[in-house]
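Take a look at the structure set out below.
The values are calculated or read from the model by the stated rules, or taken from the named source; none is laboratory data. This is a predicted model, so every value here is computed, not measured. A quick note on method: Cβ atoms are made from the backbone with ideal geometry, for glycine too, and the neighbour counts reach across all protein chains shown.
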Amino acid sequence: MEYNILRDWLSNHQFTWEKLGDILTYHHNAPILFSSGLFFFLFIGFLMIYMSLRKHTLARIIYVTLFSLYFYYKSSGLWFGLLVFTATSDFLIAQCISHTTSVLKRKLFVTLSLCINLGMLGYFKYFNFLGELFTMAAGGEWLKMNIFLPVGISFFTFQSISYVIDVYRGRIQPLGRWIDYVFYVSFFPQLVAGPIVRARDFIPQMYKNPTVTRSEFGEGLFLILCGLFKKTVISDYISMNFVDRIFDAPLLYTGVENLLGVYGYALQIYCDFSGYSDMAIGIAREVAVDLQRIAVDAHQALESRVEQRFVEDAVDEVERDVVRNDRLFEQAREDQEDARAEHLACDHDRVLPDLRDEIPGADDRAGHQLRKEGYIKRVIQYVGQWLDVFPVNVNGIA
């Protein structure tokens with residue numbers, strides 16, 4: 001009886017080329033994921049051949065590029081041609097930028113790259129949204145189109161744009177081989193979920209001899225297992241058994257349960273992206289590419305630029321305050337001097353009539369001389385009192 005059961009199982013699970021072809025073909029309802037068993041077996045086979053090519057740079061680049069394109073085919077079907085088109089167009093545009101000295105032409109090439117990439121991204125991701133928005137504003141009704149969204153289109157689009165901009169700004173030299181650039185854009189560990197890496201940080205790792213130490217291999221394996229735990233055990237379990245049930249019928253649950261559903265959804269999103277990123281970093285670590293170091297270096301460079309900009313703004317603000325305070329001080333001093341002059345002028349008009357009344361014989365020459373001396377004495381006395389210079393000897397003046 002046991003023999004018959006084993007025979008029936010083998011007959012039902014008999015290996016055929018048709019089944020193998022069906023497994024390796026794209027299915028829209030079952031795209032390949034890092035957490036799937038198929039990718040696990042494919043990656044083991046890929047890794048064995050990859051390590052045998054570690055001393056042959058060009059062969060290794062071609063091999064990784066072909067595997068990356070196949071991985072994207074299993075994720076999005078024939079839309080992997082869109083990835084090839086993006087890589088080819090930006091590779092040619094970067095070559096044109098590097099061979100052009102005209103500033104206007106260089107800007108036109110960058111504009112062309114932005115139009116191609118953002119145009120494709122806008123069509124696949126936002127065409128229905130924008131169409132519905134404008135149709136509602138016009139008072140009509142939008143018929144939603146069935147547009148397929150290729151997996152990871154945002155990631156490889158912006159990564160390709162960053163390469164063109166770096167070439168335009170002179171930060172890197174354009175790659176000489178088309179296959180090298182396709183390798184950079186389509187590197188499978190970070191193709192569908194990031195992280196986005198800059199060409200000047202990633203390209204040097206393409207040409208170095210891939211050597212993985214025991215500690216690096218263990219670290220990569222640990223990241224893969226952590227990512228699998230976050231993705232399958234936490235994220236998928238919360239989604240199927242808690243969040244989806246509450247969101248499907250929120251009126252059947254209490255307010256506290258709905259609130260916990262929102263928090264559970266936040267945890268689901270975090271574990272989904274974090275787990276996938278951990279697996280991507282771990283898988284890249286197994287092929288001697290350190291995506292984590294690239295991301296950390298980029299983050300530190302950004303922090304350095306932000307800190308430098310903050311310090312420059314602070315210094316400029318202090319300089320503006322100093323200049324503004326100096327101007328206010330000068331204005332206050334000028335106002336004080338004007339007030340002094342006006343005060344002295346008023347006292348001059350007040351002292352002069354008093355002298356005319358106090359000095360007799362003002363009409364003759366002697367009276368005029370006495371009036372002049374008395375006026376000078378009174379003025380000196382007033383100035384001395386105003387300046388707090390005491391005592392002032394006015395009798396010594398002849």
Legend entry - Qualifying residues in the range 136-174 (those that are modelled with pLDDT under 85 and in a helix (DSSP H, G or I)) - the one farthest from residue 76 (Cα to Cα): 137
Inset, instruction - Could you identify the single residue in 248, 272 that is among the acidic types (Asp, Glu), free of Cβ contacts under 8 Å to residues at least 60 places away in the same chain, surrounded by 12 or more Cβ atoms within 10 Å (Cβ to Cβ) and out of contact with any Gly (no Cβ under 7 Å at 6 or more places or on another chain)? - result: 272
Inset, instruction - Inspect all residues belonging to the range 172-195 and state whether any of them is in contact with a Phe, Trp or Tyr (Cβ under 8 Å, 6 or more places away or on another chain), in contact (Cβ under 8 Å) with a residue 12 or more places away in the chain and at positive phi. - result: yes
Inset, instruction - Considering only the range 36-55, state which residues are surrounded by fewer than 16 Cβ atoms within 10 Å (Cβ to Cβ) and within 20 Å of residue 229 (Cα to Cα). - result: 36, 37, 38, 40, 41, 44
Legend entry - Failed item in (1) modelled with pLDDT of 90 or more; (2) of a type outside the set (Asp, Glu); (3) crowded, with 17+ Cβ neighbours inside 10 Å, with residue 33 passing the rest: (1)
Inset, instruction - Please go through the range 134-155 and pick out each residue that is under 28 Å from the mean Cα position of the chain (by Cα) and either surrounded by 12 or more Cβ atoms within 10 Å (Cβ to Cβ) or among the β-branched types (Val, Ile, Thr) (or both). - result: 150, 151, 152, 153, 154, 155
Legend entry - Only listed residue being over 27 Å from residue 23 (Cβ atoms), surrounded by fewer than 16 Cβ atoms within 10 Å (Cβ to Cβ) and at pLDDT below 95, chosen from 100, 86: 100
Inset, instruction - Taking only the range 48-92 into account, find how many residues are in contact with a helix residue (DSSP H, G or I) (Cβ under 7 Å, 6 or more places away or on another chain) and small (Gly, Ala, Ser). - result: 3
